1. Which residues, counting only those in the range 29-44, are closer than 25 Å to Thr111 by Cα and either surrounded by 18 or more Cβ atoms within 10 Å (Cβ to Cβ) or among the aromatic types (Phe, Trp, Tyr) (or both)?
2. Just to be sure before I move on: is Ile118 in contact with a Cys (Cβ under 6 Å, 6 or more places away or on another chain) and surrounded by 14 or more Cβ atoms within 10 Å (Cβ to Cβ) in the structure I sent?
3. So which pairs qualify, if the first residue must be in the range 146-168 and modelled with pLDDT under 90, the second must be open to solvent by less than 50 Å² (accessible area, probe 1.4 Å) and of a type in the set (Asp, Glu), the Cβ gap must be under 8 Å, and the two must be at least 6 apart or on different chains?
4. Just to verify a result, which residue in the range 97-122, among those that are among the charged types (D, E, K, R) and in a helix (DSSP H, G or I), is modelled with the highest pLDDT?
5. Show the residue pairs meeting these rules: Cβ distance below 8 Å; 6+ apart or different chains; first residue within the range 45-68 and in contact (Cβ under 8 Å) with a residue 40 or more places away in the chain and open to solvent by less than 50 Å² (accessible area, probe 1.4 Å); second residue in a strand (DSSP E or B) and of a type outside the set (A, V, I, L, M).
6. For the range 209-230, what are the residues that are open to solvent by 30 Å² or more (accessible area, probe 1.4 Å) and either under 20 Å from Gly100 (Cβ atoms) or among the hydroxyl-bearing types (Ser, Thr, Tyr) (or both)?
7. Could you check Leu85 against (1) part of a loop (DSSP other than H, G, I, E, B); (2) without any contact (Cβ under 8 Å) to a residue 40 or more places away in the chain; (3) not hydroxyl-bearing (Ser, Thr, Tyr) and say which number it fails?
8. Residues to consider are Ile125, Ile94; find the one that is at pLDDT 95 or above and touching a helix residue (DSSP H, G or I) at 6+ places or on another chain (Cβ under 6 Å).
Amino acid sequence: MVPFLLKNDGCDLILEINPDPGILTRALLQRGARVIALESDKAFIPHLESLGKKLGGKLHVFHYDFFKLDPRSFGVIKPVVNSKLLFQKFGIEILPWSKGIPLKVIGIFPTKNEKKMIWKVLHDIYSCTSIYRYGRVQLNFFFFYELESQRMMANPLNPNLYYALSVLWQVAYEVKLLHIEPWSSFDICSQSGQREKPQCKESLEQQIQQNLCLIQLTPHKDLFSHFTSVNYDVFFHMTKQCFLKHHAS
């Protein structure tokens with residue numbers, strides 16, 4: 001998995017979302033990556049900071065939730081950290097859209113409010129805001145449900161999977177499935193401290209979907225040759241309307 005993330009494309013800067021004990025972090029660092037660890041759980045911060053001190057500046061740790069960066073609507077209370085402050089703190093510079101990749105993000109996509117988070121990511125890239133002000137930031141997300149991953153990569157020949165979000169993902173990004181890991185390969189820790197396999201009470205059809213999928217999303221260089229970051233909402237509306245008419249017919 002790590003070789004896919006650190007292929008020879010000129011970008012060795014990784015923003016890792018919630019690395020927890022830092023298992024993937026170590027593997028990335030051993031491959032020569034520079035890692036910014038954005039950890040939302042305070043319990044893991046001391047361990048990650050200790051790891052960073054041993055590595056001479058190759059690992060930077062920051063306590064924050066990546067998915068709370070640059071909320072599209074935050075009411076009266078403004079976020080403490082936004083992508084501009086975060087990127088300035090770590091010296092990440094703007095790279096023209098036509099150039100290479102300035103930064104690679106890796107982490108687990110949240111299951112809570114998943115659809116809301118999906119729409120936020122899409123709004124951010126099409127409007128060229130948030131992290132995309134800095135260039136073609138590549139996303140590498142683990143998705144808990146294989147079905148969502150299949151929809152992202154579906155084409156019109158698969159009408160049961162192909163829908164508005166499929167179009168929006170594929171117009172904005174080159175979508176690649178890097179890895180599939182069955183849930184059965186993971187152990188859980190019981191209350192008694194024993195390691196055991198998770199018990200699945202779902203049907204066989206549902207169990208097939210219980211695979212952890214690593215999806216790579218690389219923004220297309222020519223994205224903004226089709227439309228501007230100002231009128232993208234028209235494209236969103238037209239795409240959704242086309243699929244509403246398709247399913248209604």
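The values are calculated or read from the model by the stated rules, or taken from the named source; none is laboratory data. Note that the coordinates shown come from a computational prediction; the quantities given were computed from them, not determined experimentally. All Cβ positions, glycine included, derive from the backbone under ideal geometry; neighbour counts span all protein chains shown. In case anyone asks, the SASA skips ligands and DNA or RNA and just uses the protein heavy atoms, side chains included. Shrake-Rupley method; radii C 1.70, N 1.55, O 1.52, S 1.80 Å.
1. Val35, Ile36, Ala37, Leu38, Glu39, Phe44
2. no
3. From residues that are modelled with pLDDT under 90, the pairs are Glu148/Glu114.
4. By that ranking, first place goes to Lys120.
5. Hits for this filter: Phe66/Gly107.
6. His220, Lys221, Asp222, Phe224, Ser225, Thr228, Ser229
7. Answer for Leu85: the failing condition is (1).
8. Exactly one residue qualifies, and that residue is Ile125.
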